[in-house]
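J.: The following block contains the structure, expressed as structure tokens.
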Amino acid sequence: MVLAAAVVLAGCADSRTVRRRADGVCDRLMASGDLSPAPQASSSSPAASTQAPDKSTLTLYLAPRGEDNLEVAAAETPAKAGEPAAAEEKKAEPAETPFKPIQGQSFGEILKSDVKAAPSALWRGTKYSFFNTQNVVVLSLAFGADRLVRETLDSKIRDDFRRENTSLHATGDFGSVIGNPLLHVGLAGGWYVYSVNYRDARQHELSKTMLEALVLNGAATGLLKVSMGDRSPNGERYGWPSGHMSSSMVVASVIHEYYGWQAGLPCYLLAGYVGASRLEDREHDLSDLVFGGALGWVIGHSVVKGELPKLAGFCVLPYRSEEFGGLMFMKQW
């Protein structure tokens, strides 16, 4: 077995993105068949240049900083002697996706496996979201801002919306519908069914992450609502924090993490519209939206990013296949 170790230095990329790209790099290295150091230039024998790689060799690949470099890292491996230039260009082409197709399991078997793994996945998501120093600081600042808004702005905003309708009134219940947490869970569930039915491993991963984040957010929001017992402007109980706002921010955050700002920005704007419509409907105060939005943002981003084991500041990611295995060392800044 050939042992390959890939060192990937990546900036400005979330850990799941780096992990998927690193898997793709290793897949392309394995497909290239060039998993050992190139033959010495001083070798004059033709046989020496085509000799099979030493199976005990430890090969170290270094991918320079940046996502674009990760895509072409496999292309920078030494070419075999006598290999045509066209073959080198073909080898340099990035793979469409590093995800492996789902094979050999029925829908029921995959569902059973995912349900069995759900409790541990939710616990990991809880740790990533609430046992992280940065997230604790963010939520603490959001709670402080929430209390400040409650004391200074909530009453004035309630009076303004009580006296007159805004342009949001013309949209009716649209904001309430599209921000409904049950709708989000239903759409994510449909996404999951589609991915498993069509054996789409990439969408399967994304839909599971979305469901995990939404369920965790629903539990956290519900617990806070019951513990605080605040009333909304229309007199209903359990107003703080806003479940519509937090759930909408979870969806936007997960989409942002997986698809970037181009897809994330419209989702954030839609979440803002949902929050504004809740003010218009007098379902929530502004303070309810402030903390609800921060909670959904933290949970959405944290569940996607997760946390890889680290060694000397590098994230350590094991890699294995039928032909070789090894470790990848990744660092972000």
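J.: With surrounded by fewer than 22 Cβ atoms within 10 Å (Cβ to Cβ) and closer than 24 Å to S140 by Cα as the only criterion, which of L295, L286 stands out? It would help to see each step written out before you state the result.
T.: Numbers: L295 fails: surrounded by fewer than 22 Cβ atoms within 10 Å (Cβ to Cβ).
Of L295, L286, the one residue that is surrounded by fewer than 22 Cβ atoms within 10 Å (Cβ to Cβ) and closer than 24 Å to S140 by Cα is L286.
A quick yes/no check of all residues on (1) at pLDDT 90 or above; (2) of a type outside the set (A, V, I, L, M, F, W, C); (3) surrounded by fewer than 11 Cβ atoms within 10 Å (Cβ to Cβ); (4) assigned to a helix (DSSP H, G or I):
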residue	(1), (2), (3), (4)
K100	no, yes, no, no
K112	yes, yes, no, yes
W123	yes, no, no, yes
S140	yes, yes, no, yes
V149	yes, no, no, yes
A170	no, no, yes, yes
V177	yes, no, no, yes
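J.: Select from segment 203-237 the residues that are among the acidic types (D, E) and more than 13 Å from the chain's Cα centre (by Cα) and write down the one among them that is farthest from F161 (Cα to Cα).
T.: For segment 203-237, the residue satisfying everything is D230.
J.: Six or more apart or on different chains, Cβ atoms under 8 Å: show the pairs whose first residue is in segment 276-289 and within 16 Å of G235 (Cβ to Cβ) and modelled with pLDDT under 90 and whose second is part of a helix (DSSP H, G or I) and of a type in the set (D, E, K, R).
T.: Correct list of pairs: R282/R158; R282/R162.
J.: Of S155, S176, which residue is among the polar types (S, T, N, Q) and within 35 Å of the chain's Cα centre (by Cα)?
T.: Details: S155 fails: within 35 Å of the chain's Cα centre (by Cα).
Within the list S155, S176, the selection yields S176.
J.: Continuing with this model, one more query. Quickly run through segment 189-225 and pick out the residues that are surrounded by 19 or more Cβ atoms within 10 Å (Cβ to Cβ) and either touching a Ser or Thr at 6+ places or on another chain (Cβ under 6 Å) or among the polar types (S, T, N, Q) (or both).
T.: Once the filter is applied, which keeps residues that are surrounded by 19 or more Cβ atoms within 10 Å (Cβ to Cβ) and either touching a Ser or Thr at 6+ places or on another chain (Cβ under 6 Å) or among the polar types (S, T, N, Q) (or both), segment 189-225 yields Y192, S195, H204, S207, T209, N217, T221.
J.: Taking M228 as meeting all but one of (1) crowded, with 20+ Cβ neighbours inside 10 Å; (2) of a type in the set (A, V, I, L, M); (3) touching a Phe, Trp or Tyr at 6+ places or on another chain (Cβ under 9 Å), write down the number of the exception.
T.: Failed condition: (1).
The values are calculated or read from the model by the stated rules, or taken from the named source; none is laboratory data. Since we're looking at a predicted model, the values are computed, not measured. Heads up, the Cβs are rebuilt from the backbone with ideal geometry, glycines too, and the neighbour counts pull from every protein chain shown.
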